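Here the structure is laid out as structure tokens; the discussion comes afterwards.
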Amino acid sequence: PRLVSRCPTTDTVFVARSGRPLSRSGLWRIVKTHALAAGLPSKVSPHTLRHSLATHLLAGGADLRVVQEILGHSSIGTTQIYTRVEIGHLLDVHARCHPRAGRSSPPKTD
């Protein structure tokens, strides 16, 4: 409220110290600063957080259309990219854990 009181006409959720909308580069700077302070790789960006959000929502069973709406994608095809990440994870778990993973033919039963 203190920040927004400087610019009471804004309906923006994220505001800068001035009370005006937070710029794209301002958000990028904040994410970079906190990622580096946390010891994360320097390539962490707001897009990294967006991608992580979508991937975790889908992994947790969220509906693809809901994730599409949250991300603001106009096409469901754009959102479906995140399902490939989840399928890849499932294939990896299957390869590591399933007793018959990696076998090219069924075991012989003599």
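The values are calculated or read from the model by the stated rules, or taken from the named source; none is laboratory data. Values in this document were obtained by computation on a predicted structure and should not be read as measured data. FYI the Cβ positions are ideal-geometry reconstructions off the backbone, even for glycines, and counts take in every protein chain you see. Remember, those area values only see protein heavy atoms, side chains included, never the ligands or the DNA or RNA. Shrake-Rupley method; radii C 1.70, N 1.55, O 1.52, S 1.80 Å.
Key figures for this structure:
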quantity: Residue check, residue 19 surrounded by 13 or more Cβ atoms within 10 Å (Cβ to Cβ) and on the phi > 0 side of the Ramachandran plot; calculated: yes
quantity: Qualifying residue in segment 17-25 (condition: modelled with pLDDT of 80 or more and assigned to a helix (DSSP H, G or I)); calculated: yes
quantity: Test: residue in segment 39-52 that is charged (D, E, K, R) and under 18 Å from the mean Cα position of the chain (by Cα); calculated: yes
quantity: Positions within segment 41-64 being in a helix (DSSP H, G or I), open to solvent by 60 Å² or more (accessible area, probe 1.4 Å) and free of Cβ contacts under 8 Å to residues at least 12 places away in the same chain, in sequence order; calculated: 47, 56
quantity: From 33, 9, residue being open to solvent by 50 Å² or more (accessible area, probe 1.4 Å), hydroxyl-bearing (Ser, Thr, Tyr) and in a loop (DSSP other than H, G, I, E, B); calculated: 9
quantity: Unmet requirement for residue 85, which otherwise passes all of (1) at pLDDT 80 or above; (2) part of a helix (DSSP H, G or I); calculated: (1)
quantity: Residue count, segment 66-97 (criterion: in contact (Cβ under 8 Å) with a residue 12 or more places away in the chain and either open to solvent by 70 Å² or more (accessible area, probe 1.4 Å) or over 13 Å from the mean Cα position of the chain (by Cα) (or both)); calculated: 4
